[in-house]
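I have placed the structure first, in the form of structure tokens, so that the comments after it can refer back to it.
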Amino acid sequence: MNTNNTSPLFDLHGHTALITGSTRGIGLALAQGLGHAGASVIVNSRQQSAVDEAVAKLTALGIDVHGAAFDVADEASVEAAFEVFDKQALGIDVLINNAGIQHRQPMLELGLGDWNRVINTNLTAAFLVGRAAAKRMIARGKGGKIINIGSLTSEAARATVAPYTVAKGGIKMLSKAMAAEWAQFNIQANSIGPGYILTDMNQALVNNPNFDAWVKASNPAQRWGKPEELVGTAIYLASAASNYVNGQIIYVDGGWLSVL
Ligand SMILES: NC(=O)c1ccc[n+]([C@@H]2O[C@H](COP(=O)([O-])OP(=O)(O)OC[C@H]3O[C@@H](n4cnc5c(N)ncnc54)[C@H](OP(=O)(O)O)[C@@H]3O)[C@@H](O)[C@H]2O)c1
């Protein structure tokens, strides 16, 4: 039941959401935001201790939360995690493929190992977790929501982050591929493209005065984004409000990609 004063269109009570990479940064903010909209949430990262900490934080906020430590880029770990969800009767209605890493190096110096690590974590993992979730959504016959986290680099390249750029461009198209195959099962798959957001991933850039000045000068909002500023779009894409929206990417970037 919707106990908030918000429209029932955006109500997530009775829905379970798995947010990958949700022990800090954007993922943790999304888990908290979906939890406050009524969802039961499952938090994830590779580290059990960080998962336990996130579970404790969200529980203290009154959110119904489960923890699942697994590596989203490892097929066997993903499959094992979903088998545990099956045993716990945790049916996932909403999946946010958020886990991601960055690696900054000019392409001429980049090794295949780092290329593969970034592509596997930021793109292949969304396929692996998305496939496991969608199989179960289809079997349960209730449809579902998949939200893949892209980036400004889903649209435009930047020097020194080639594998990240390629993975995030792929994320935009993966949402469309998921929509093409799974819309018939009432699954909506869309992407969110955040601008530069203040998280651990960007701490070195925030500390670099030249980069910080460039972010503020290039972005019409003239500031970094905050993780919680992605919550509204995530609730929209996780809820009945977006039931006929599929294969889209919504940039939450302060207007960055709209200007020259
Ligand atoms: N921050 C930005 O400006 C920005 C902008 C656009 C897009 N994004 C995207 O938003 C997402 C979150 O970014 P963030 O800035 O919040 O990053 P972050 O603060 O570095 O957090 C990343 C999270 O992902 C987890 N993770 C990393 N690799 C994983 C794996 N293989 N399996 C499971 N969990 C894993 C991390 O935990 P462990 O390391 O403990 O596993 C952590 O919980 C990423 O997809 C990123 O590309 C970020």
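With a Förster radius of 41 Å applied to the beta-carbon distance between A76 and H13, the computed FRET efficiency rounds to 0.75.
Averaging the sequence gap over all C-alpha pairs within less than 8 Å and six or more residues apart, then dividing by the number of residues, gives the stretch 92-192 a relative contact order of 35 percent.
Taking the average, over residues, of other Cβ atoms within 10 Å as the packing measure, peptides 240-253, 108-121 rank 240-253, 108-121 from highest down.
In sequence order, the stretch 126-140 has phi-based couplings of 5, 5, 4, 6, x, 5, 4, 5, 5, 3, 6, 4, 5, 5, 6 Hz under the Karplus curve 6.51 cos²θ - 1.76 cosθ + 1.60, θ = phi - 60°, and Gly or Pro positions carry x.
Listed values for the stretch 180-192 are Karplus-derived 3J(HN,Hα) couplings in whole Hz (6.51 cos²θ - 1.76 cosθ + 1.60, θ = phi - 60°), namely 4, 8, 10, 4, 4, 9, 6, 9, 10, 10, 9, 10, 10, and x replaces Gly and Pro.
What order, most packed first, do the peptides 195-203, 183-191, 164-172, 220-228 have when packing is the mean number of other Cβ atoms within 10 Å of each residue? Let's see the in-between values first.
Details: 195-203: 17.1, 183-191: 20.0, 164-172: 21.9, 220-228: 15.0.
The peptides rank, most packed first, as 164-172, 183-191, 195-203, 220-228.
Residues whose amide H falls under 5 Å from that of S151, counting only those 5 or more places apart or on a different chain, are absent, with hydrogens built in the peptide plane. Lysine pair count for the stretch 8-258 (Cα-Cα distance under 21 Å; residues 8 or more apart in sequence or on different chains): 13. Taking label points 7 Å from Cα along the Cα-to-Cβ direction, R104 and K142 give a separation of 4.3 nm. Look at the alpha carbon pairs under 8 Å that are at least 6 residues apart: their mean separation over the length of the stretch 8-258 gives a relative contact order of 20 percent. Across all Cα pairs in the stretch 8-258, the calculated P(r) in 5 Å bins from zero up to the longest distance comes to 1, 7, 14, 19, 21, 18, 12, 6, 3, 1, 0 percent per bin. Working ranking of peptides 96-107, 80-91, 135-146 by packing, defined as the average number of other Cβ atoms within 10 Å per residue, highest first, is 96-107, 135-146, 80-91.
The numbers here are math on the coordinates, done by the rules we state, and not lab data. Computed from a prediction, not measured in an experiment: that's the story for all the values here. No Cβ is skipped: glycine too gets one built from the backbone with ideal geometry, and neighbour counts run over all protein chains shown.
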